[in-house]
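*Asks:* Just dropping this structure here.
The values are calculated or read from the model by the stated rules, or taken from the named source; none is laboratory data. These numbers were taken from a predicted model, which means no experiment stands behind them. As a convention, Cβ positions derive from the backbone with ideal geometry for all residues, glycine included, and neighbour counts pool all protein chains shown.
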Amino acid sequence: MPEDNGGNPKLNSALPPDDDGRVIASMELLGELRRPHRWQGDRPAKPSETLDRSETRTAVWGAIKAALLVALIFSAVIVLFALFCTGIWLR
């Protein structure tokens, strides 16, 4: 006779003896992103503040400078590693 698992179909599968089928941490990230939050309700979202042309240009220029700085640092590390390999390590 099968065990009574309270009607839970997940528990009807073959589980280890010490597993009762409860979810401790749900890993359904995609499902959580599509579902609206409970606290939002039917209220409309606050209107976002729009940036004017000079503020947008300043923000984009700052992002470009940050990306170029990261690229420069990675390039310098790669060049230094290549110099280390050819000059000291593989001598």
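*Asks:* Does Leu83 fit the bill of being surrounded by 10 or more Cβ atoms within 10 Å (Cβ to Cβ), over 31 Å from the mean Cα position of the chain (by Cα) and modelled with pLDDT of 70 or more?
*Replies:* yes
*Asks:* Is it fair to say Ala63 is in a helix (DSSP H, G or I) and either aliphatic (A, V, I, L, M) or modelled with pLDDT of 95 or more (or both)?
*Replies:* Considered against the rule, which asks whether it is in a helix (DSSP H, G or I) and either aliphatic (A, V, I, L, M) or modelled with pLDDT of 95 or more (or both), Ala63 comes out as yes.
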